[in-house]
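Remarks on the structure that follows.
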Amino acid sequence: MIQALSILFFLYVLVKVYISVMQIGYVARAKDMPPVLMKPSTWMKSARYLIANERMKIVETLVEYALFVFWLSWGIRWLDTMTWNMDPVMQAVVAVDLFLVVNYLFDLPFTLYKTFVIDERFKFNNMTPELFIKDQLKGGLLTLAVASVLSAAIAWIILNVPMWWFWSFLLIFAVIVLLNLLYPTLIAPMFNKFTPLENEALKAKIDDLMRKSGFESEGVFVVDASKRDNRLNAYFGGLGKSKRVVIFDTLLNKLTDKELLAVLGHELGHFRHHDIYKNIAMIGGILFVGFYIFGHLPTSLFMELGVRETPAMLMVLFLLLIPVFIFIFMPVISFVSRTNEYAADRYAAETCGAQDLISALKKLVDENKSFPKAHKLTIFFYHSHPPVIERLKALGDKSVRDEKGDEALKGECSIEQ
């Protein structure tokens, strides 16, 4: 069984590295072609930024594989030995927290390098070391707090409830829904400052747009995203009565009112089509399959690992292998997301006008330096948004031709991916 898991994880790593290598080669060739939808300087800069991130991703994936080998060959036994004399529930809490901390320490150098080297080099980063440390401490403590509570609860369920995997799935699914409810009003304000939109004229237009779409929220807020980086964005967060409109402060200075309304119209399209509920249901289905599999692991696996078959070791195995499990479903998740994006674009075009949406999205990507081309495998596995040119064509932008054309637009900017 260990050999089968090792082969599966090796194939997972091999595919991830292969996709990154193909993406790097594709973009390296594309950057020397005539610019599409971007100024030459932005075209070249966005290509270099993408390549730098892909190269880092390869190293990160190789470290992930090394960490997997460590856990499977020695680390899990170390966790079992460290918690040998503990109560089963407390053992689960300590083992899971230790697993998360070790993985975090190996991931931290990549987070630092991306933030203070790559993003700094390409003029995205506004993060100070002090803010970075605060973010890491807050995020880390919040993660450990939630993980500890869930580990204790699932350990108790495993020890006391028949079909524990089903009831554990329901618990995790309920927590996912709860976090979506609490995120905009409780979690997000821990990291950013949210202030009501002061532009009353714009706020009235946004309120009118939401009213026409049947969207009720607790307000329109501006978030101080610029203290971390210069990227532009806007979103609707929360479920039920906790829904709120969130606009990045970086966005307000770059778009006209009509363009901003078109962007919000796109987000309202997701609301009208119940995309957030569909996504939660899809995640729930994937989690259900995952818990079923891990609820029926053979005892022989624990014997091969040299550990006891305890709730703690079961949860550690789950956390170790869940990235592979999710990666298998990534093409489906990405395909559904891309389909939803087309539908949201259509709703925004019908509600706010296609030309305003096209203009807004072009500005977004020019500022965010999103390279408008990607290898097909990267799109298939990772892209939650359709290819740039396809979205523009679907919105009726007659100036855009497909990638095979010789007269692709050489304008000033692209579209968000």
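A few remarks follow.
- Residue match in region 166-184 (condition: among the small types (Gly, Ala, Ser) and surrounded by fewer than 16 Cβ atoms within 10 Å (Cβ to Cβ)): yes
- Meets criteria (among the aliphatic types (A, V, I, L, M) and modelled with pLDDT of 90 or more) for Leu170: yes
Okay, residues lined up against (1) at pLDDT below 95; (2) in the same structural domain as Gln91 (by TED's automatic domain parsing); (3) of a type outside the set (S, T, N, Q):
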{"position": "Ala152", "(1), (2), (3)": "no, yes, yes"}
{"position": "Ala155", "(1), (2), (3)": "no, yes, yes"}
{"position": "Val177", "(1), (2), (3)": "yes, yes, yes"}
{"position": "Ile187", "(1), (2), (3)": "yes, yes, yes"}
{"position": "Glu200", "(1), (2), (3)": "yes, no, yes"}
{"position": "Lys203", "(1), (2), (3)": "yes, no, yes"}
{"position": "Ile206", "(1), (2), (3)": "yes, no, yes"}
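- Selection from region 118-134 of residues that are assigned to a helix (DSSP H, G or I), touching a strand residue (DSSP E or B) at 6+ places or on another chain (Cβ under 9 Å) and among the hydrophobic types (A, V, I, L, M, F, W, C): Ile118
- Listed by position, the strands (runs of 3 or more DSSP E) contained in region 195-252 that have at least 1 residues being free of Cβ contacts under 8 Å to residues at least 40 places away in the same chain, at negative phi and surrounded by fewer than 17 Cβ atoms within 10 Å (Cβ to Cβ) are 234-237.
- From Lys254, Lys243, residue being in contact with a strand residue (DSSP E or B) (Cβ under 8 Å, 6 or more places away or on another chain), basic (Lys, Arg) and not assigned by TED's automatic domain parsing to the domain that holds Gln91: Lys243
- For the residues Pro323, Pro331, the requirement of being more than 30 Å from Leu268 (Cα to Cα), within 16 Å of the chain's Cα centre (by Cα) and not assigned by TED's automatic domain parsing to the domain that holds Arg231 singles out Pro323.
- Matching option when the condition is crowded, with 17+ Cβ neighbours inside 10 Å, at pLDDT 95 or above and assigned to a helix (DSSP H, G or I), among Phe110, Phe106, Phe68: Phe68
- So Pro35, is it without any contact (Cβ under 8 Å) to a residue 40 or more places away in the chain and within 24 Å of Lys363 (Cβ to Cβ): no
- Selection from region 76-95 of residues that are under 23 Å from Val146 (Cα atoms) and assigned to a helix (DSSP H, G or I): Ile76, Leu79, Asp80, Met82, Pro88, Val89, Met90, Gln91, Ala92, Val93, Val94, Ala95
- Among the residues of region 354-379, those identified as aliphatic (A, V, I, L, M) and assigned to a helix (DSSP H, G or I) are Ala354, Leu357, Ile358, Ala360, Leu361, Leu364, Val365, Leu377, Ile379.
- Test result for Thr351, part of a helix (DSSP H, G or I) and either free of Cβ contacts under 8 Å to residues at least 60 places away in the same chain or surrounded by fewer than 18 Cβ atoms within 10 Å (Cβ to Cβ) (or both): no
- Considered as a group, the residues in region 287-323 that are crowded, with 16+ Cβ neighbours inside 10 Å and β-branched (Val, Ile, Thr) include one that is nearest to Leu179 (Cα to Cα), and that residue is Val316.
- Condition check for Phe302: in the same structural domain as Ile154 (by TED's automatic domain parsing), closer than 21 Å to Leu159 by Cβ, hydrophobic (A, V, I, L, M, F, W, C) and in a helix (DSSP H, G or I): no
- Within region 229-240, tally of residues that are farther than 22 Å from Lys362 by Cβ and out of contact with any strand residue (DSSP E or B) (no Cβ under 7 Å at 6 or more places or on another chain): 2
- Number of residues in region 125-158 that are surrounded by 14 or more Cβ atoms within 10 Å (Cβ to Cβ) and touching a helix residue (DSSP H, G or I) at 6+ places or on another chain (Cβ under 8 Å): the value is 19.
The values are calculated or read from the model by the stated rules, or taken from the named source; none is laboratory data. In this text, all values refer to a predicted model and were calculated from it rather than measured experimentally. So basically every Cβ, Gly included, is an ideal-geometry build from the backbone, and we count neighbours across all protein chains shown.
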